[in-house]
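First comes the structure, then the notes that go with it.
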Amino acid sequence: MSPHQHEPQPRPPQSQFENFTASSLYCEKCRRATPVRERLLLVLPEKEIFDYLCTECGSSVGQREVTVGEKMMAEAMQPRRKVRIPLRSLR
Ligand SMILES: [Zn+2]
């Protein structure tokens, strides 16, 4: 680590995030829990890996794996997405 890490970082305004699944994680650089931003890091056939970036310093503070099953569950839970379940009327 260099001692000259005092560049003023432009802090993004704390507006609405597009995704805010995770709220805050501990950042080693900031030495405290900071709000994180979720970024899609890797897409695999059976899962997706998300990277969590500290919104204060921009360093990666964690990762999360989402399996296809979990993703489908999450999408099914989305109120915006209409899931049409065929109903059979018993006559
Ligand atoms: Zn940080």
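Some observations on this one:
- Translational diffusion coefficient of region 29-74 (Stokes-Einstein, Kirkwood radius from Cα pairs, 10 °C, 1.306 mPa s): 140 µm²/s.
- The residues packed around R64, meaning those with a beta-carbon under 14 Å from its beta-carbon, carry a net charge of -1 if Lys and Arg are +1 and Asp and Glu are -1.
- Accessible surface, 1.4 Å probe, highest first, among residues M77, M72: M77, M72
The values are calculated or read from the model by the stated rules, or taken from the named source; none is laboratory data. Computed from a predicted model, the values in this text were never measured in an experiment. Neighbour counts run over all protein chains shown; Cβ positions are idealised from the backbone, glycine included. What goes into the accessible areas is simple: the full protein's heavy atoms, side chains included, and nothing from ligands, DNA or RNA. Shrake-Rupley method; radii C 1.70, N 1.55, O 1.52, S 1.80 Å.
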